[in-house]
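Peer 1: Take this structure first; my questions come after.
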Amino acid sequence: MAPATSPTGSDHTGSRRRPFWTMERRDALAGYLFIAPQLIGITIFVLIPLCLVFWFSLHEWNVLAARFTYTGAANYKALLSDPGLGEVFGATAIFSLGLVVLNMSLALLLAVLLSQKLTGITVFRTLFFSPVVVSLVAWTIVWSFLLQKNGGLNAILQVFGLEGSNWLRDPTTAMISVIVVQVFKNVGLNMILFLAALQGVPKELYEAARVDGVSPFKQFRRITVPLISPTILLTSIITIVGSLQVFAQIAVLTQGGPGMSTTVLVYYLYQQAFQFHRFGYGSTLSIVLFVIVAVLTFVQWQMRKRIVFYER
Amino acid sequence: MTIARLRTTVAIAALALPLAAGMARAEDKIDLRMTIWSANDAHLAMFKDIADGYAKLHPNVSVTFDSLPFDNYTTTLTTQIAGGNPPDLAWILEGTAADFVTSGALAPLNEAFTNTEGYDLDDVSEQATALWTQDGELYAYPFSTSPFAVFVNSDLVAAAGAKSPAELIKSGEWTWENAVDVSAKVAKAGHAGLIVRDFNYQIWQNLATIWRGWGATAWSADGKTCAFTEPAMVDAMSFIHKAIFEQKAMPGPGENVDFFAGDAAMTITQISRASLLPKGDGAFKWDLVPLPKGPAGDYAVVGQAGIGVFQNSAHPDAAIDFLAYMSNPENSKKLAQFFPPARKSLLNTETLSSTNPRLSPEQIENVVIKGIANGKVLPGHTNFAQIQQTVRAQLDSLWRPDADVAAVMQSVCDRVGPML
């Protein structure tokens, strides 16, 4: 190719202009094009709504009266004087803690049991996973019938001479019921993740441990748990975030009752915004929920060095 | 101009003129949307019939009826309003009437109704419009004023060896004490006793159909003072609590029983539910009687629903005009076959018998006409949704066998008092 010259005829061979579409730029463009749909989706469906929710949280928005008044931090100050918020945080913490502990331990137990090589084991794996693909609302409605005082669960207990509780009407059993219904619905997902992780643990490690006379429990603690720690971190983040966003189960089973015993944060913000027409205050609660989820996820991510074996 | 050019001009004009006319018609075309909570085919057919009648007079106007689920009706409606997609007209429940009427969301109706030929606004009962009126201006038309009454499964009552409500009415003994006794006998015989329909230990305002017999109210007449701690309310709630947990005359919390499936002695509900009475194989002998007498004497309770036009509808004038047509004397008569009317001229046995063939003239006179004439509407208040939930949450602790009724009533007032 002939050397580039300027219109004035001066020689530019020393600083030869590079073509704009270099290999790097072309690669970068291809990369951006590949991630563009996702970026556009996140911008439209996550970032813009998030900014709008924050904007709404600085206003009093009464839909019926078409009143949208800037109130600054008034909604955030109202959080401090809300008489119901303490109970709501309590119910949310109990629900999340109960769900995470029960879900993770049951999922791990099932995964260990179902990782055995037995005839027909895939049938059991399918059975335990099947609730994950069932419609959440349909699943919860069926459970709402089963948990009625004169429902299916108490009828079964009666066969064994036991008197069942009024599951959804007692504050303690209502919370337990909601947790258990949610655990049964989603435990299959964590179970499958654990199962995949378990199958990735090298068998020779167990053989070596057996030769050394290590007990099965110690094998589980010293070999299995450390080697599946990345999956434990992943499932714990997914489960905690999911537990903070529970809504349909509460709406169908208890509507937040009895009293406020199962009114978790998402259900409370739904009530404030959509039932009580306080969209500004509801938006403020959404921001609070967002901050809680973000902080918990950040803390868990920071703890990965302690939890995950290859991060140490 | 050549012939060819003339032809082209004529052809273009022939094509363009109808197009222009069509565009003009399209500009005039008005599509109205009314949200309702009924998906009943018979109701929808009647509404369509009324809308078709209006379309004959106003060919550019079409009306669609948007059925929303009853459970989340008001929530869905307000979400549509928040999303900038309000309906032109909407059914409104009595509980949320105050919110809608005082918010300024609804268009005033007096002038349009008064100017509509043959409308006769004075024929609409003042008692029926009270809830929907502010400063003398009507903001929604009360298309349904339905009294609460007691449906009785006469077969179950007779099988339990109890006196029938009809006999008790004759002997002047139709009181709450006796109604609960009859229900307890049926419950003892293996069926359920008395059901307050739709209460389900959530919709507590439906208990007003009982506590009004004690002269109790949820709050003072001006709506500013909680009245759950008043002796009349504590007595009424103690009576209900005893009926549920000691006499077992009412199904307890978490027990689902359906009167219309033939499983209970009595149910308190609106007369419009008569359409649920089974025919054929599942049919049973039934009766419809007024609410029993309480310690404070006779009383009646009505449930209401209104139709309002939204101020920020795209076509408020057309929507008001359609509402005036829908609620004129002729169409009110059509509506009366499902929704007890607010027009005094229609409140007679003859009209209501022809539109409610399952009810006897005596039932219409004693329950429907007297109920509408004397009935007070269920409790309502501005910000009712929040008040409703707050009271519900406190009352949950009442629905246990060992509850301290007075203490629970105090907790209700402690919590709800600041909201009034």
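Peer 1: I'd like to check something: does the range B:160-171 contain any residue that is of a type in the set (Val, Ile, Thr), on the phi < 0 side of the Ramachandran plot and more than 29 Å from the chain's Cα centre (by Cα)? It would help to see each step written out before you state the result.
Peer 2: Initially, the range B:160-171 is screened for residues of a type in the set (Val, Ile, Thr), giving B:169.
From what is left, the residues that are on the phi < 0 side of the Ramachandran plot are B:169.
Remaining after also requiring more than 29 Å from the chain's Cα centre (by Cα): none.
No, the range B:160-171 has no match at all.
Peer 1: Next up: When the residues of the range A:49-95 are filtered to those that are within 12 Å of A:Ser283 (Cα to Cα) and of a type in the set (Phe, Trp, Tyr), which remaining residue is nearest to the other protein chains (Cβ to nearest Cβ)?
Peer 2: Once the filter is applied, the top-ranked residue is A:Trp61.
Peer 1: Going residue by residue through the range A:117-129, is there one that turns out to be over 21 Å from A:Tyr267 (Cα atoms), without any contact (Cβ under 8 Å) to a residue 24 or more places away in the chain and within 20 Å of the chain's Cα centre (by Cα)?
Peer 2: At the first step, the residues of the range A:117-129 found to be over 21 Å from A:Tyr267 (Cα atoms) are A:117-129.
Retained after the next criterion (residues that are without any contact (Cβ under 8 Å) to a residue 24 or more places away in the chain): A:117-124, A:126-127.
This time we only want the ones that are within 20 Å of the chain's Cα centre (by Cα), so: none.
No, that holds for no residue.
Peer 1: Okay, moving on. Pairs needed: first member in the range A:190-204, farther than 20 Å from A:Thr126 by Cα; second member anywhere, polar (S, T, N, Q) and surrounded by 15 or more Cβ atoms within 10 Å (Cβ to Cβ); C-beta distance under 7 Å; at least 6 residues apart or different chains.
Peer 2: From the range A:190-204, the pairs are A:Val201/A:Thr224.
Peer 1: Can you name the residue in the range A:119-141 that is more than 15 Å from A:Val183 (Cα to Cα) and out of contact with any helix residue (DSSP H, G or I) (no Cβ under 7 Å at 6 or more places or on another chain) and is also farthest from the other protein chains (Cβ to nearest Cβ) among such residues?
Peer 2: Ranking the qualifying residues of the range A:119-141, first place goes to A:Thr119.
For (1) away from chain A (no Cβ under 14 Å); (2) farther than 26 Å from A:Tyr268 by Cα; (3) without any contact (Cβ under 8 Å) to a residue 40 or more places away in the chain, each residue gets a yes or a no:
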{"position": "B:Ser327", "(1), (2), (3)": "yes, yes, no"}
{"position": "B:Ala336", "(1), (2), (3)": "yes, yes, yes"}
{"position": "B:Pro361", "(1), (2), (3)": "yes, yes, yes"}
{"position": "B:Phe384", "(1), (2), (3)": "no, no, no"}
{"position": "B:Asp402", "(1), (2), (3)": "no, yes, yes"}
{"position": "B:Asp414", "(1), (2), (3)": "no, no, yes"}
{"position": "B:Pro418", "(1), (2), (3)": "no, no, yes"}
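Peer 1: From B:Val157, B:Val101, B:Val63, B:Val150, which residue is in contact with a helix residue (DSSP H, G or I) (Cβ under 8 Å, 6 or more places away or on another chain), modelled with pLDDT of 95 or more and more than 22 Å from B:Ile268 (Cα to Cα)? Even if it seems obvious, please write down each step before you answer.
Peer 2: On the way: B:Val157 fails: more than 22 Å from B:Ile268 (Cα to Cα); B:Val101 fails: modelled with pLDDT of 95 or more; B:Val150 fails: more than 22 Å from B:Ile268 (Cα to Cα).
From the options B:Val157, B:Val101, B:Val63, B:Val150, the qualifying one is B:Val63.
Peer 1: When you check B:Glu365 against the structure, is it in contact (Cβ under 8 Å) with a residue 12 or more places away in the chain, over 18 Å from the mean Cα position of the chain (by Cα) and farther than 30 Å from B:Gly84 by Cα, yes or no?
Peer 2: Details: in contact (Cβ under 8 Å) with a residue 12 or more places away in the chain: yes; over 18 Å from the mean Cα position of the chain (by Cα): yes; farther than 30 Å from B:Gly84 by Cα: yes.
Yes: the conditions hold for B:Glu365.
Peer 1: Applying the selection to the range A:241-274, what residues are farther than 26 Å from B:Gln80 by Cβ, among the β-branched types (Val, Ile, Thr), within 13 Å of chain B (Cβ to nearest Cβ) and part of a helix (DSSP H, G or I)?
Peer 2: Of everything in the range A:241-274, nothing turns out to be farther than 26 Å from B:Gln80 by Cβ, among the β-branched types (Val, Ile, Thr), within 13 Å of chain B (Cβ to nearest Cβ) and part of a helix (DSSP H, G or I).
Peer 1: I'm trying to understand the selection: among the residues of the range B:96-105, which are facing chain A (nearest Cβ under 9 Å) and not hydroxyl-bearing (Ser, Thr, Tyr)?
Peer 2: Once the filter is applied, which keeps residues that are facing chain A (nearest Cβ under 9 Å) and not hydroxyl-bearing (Ser, Thr, Tyr), the range B:96-105 yields B:Asp99, B:Phe100, B:Gly104, B:Ala105.
Peer 1: Is it the case that A:Ile179 is among the β-branched types (Val, Ile, Thr), surrounded by fewer than 21 Cβ atoms within 10 Å (Cβ to Cβ), more than 14 Å from chain B (Cβ to nearest Cβ) and under 27 Å from the mean Cα position of the chain (by Cα)? Before the answer, list the steps.
Peer 2: On the way: among the β-branched types (Val, Ile, Thr): yes; surrounded by fewer than 21 Cβ atoms within 10 Å (Cβ to Cβ): no; more than 14 Å from chain B (Cβ to nearest Cβ): yes; under 27 Å from the mean Cα position of the chain (by Cα): yes.
Spelling it out, it is not the case that A:Ile179 is among the β-branched types (Val, Ile, Thr), surrounded by fewer than 21 Cβ atoms within 10 Å (Cβ to Cβ), more than 14 Å from chain B (Cβ to nearest Cβ) and under 27 Å from the mean Cα position of the chain (by Cα).
Peer 1: What about B:Asn328, is it of a type outside the set (D, E, K, R) and over 17 Å from B:Ala112 (Cα atoms)? Give the derivation first.
Peer 2: Working: of a type outside the set (D, E, K, R): yes; over 17 Å from B:Ala112 (Cα atoms): no.
So B:Asn328 does not fit the description; no.
Peer 1: Pick from the range B:59-95 the residues that are more than 18 Å from the chain's Cα centre (by Cα), crowded, with 16+ Cβ neighbours inside 10 Å and in a strand (DSSP E or B): which of them is nearest to the other protein chains (Cβ to nearest Cβ)?
Peer 2: My answer is B:Val63.
Peer 1: Regarding B:Thr129, is this residue out of contact with any Ser or Thr (no Cβ under 8 Å at 6 or more places or on another chain) and of a type in the set (S, T, N, Q)? Before the answer, list the steps.
Peer 2: On the way: out of contact with any Ser or Thr (no Cβ under 8 Å at 6 or more places or on another chain): yes; of a type in the set (S, T, N, Q): yes.
Taking the combined requirement at face value, the residue satisfies it.
The values are calculated or read from the model by the stated rules, or taken from the named source; none is laboratory data. As the structure is a prediction and not an experimental result, all values here were calculated from the model. Methodologically, a virtual Cβ is constructed for each residue, glycine included, from the backbone with ideal geometry; neighbour enumeration extends over all protein chains shown.
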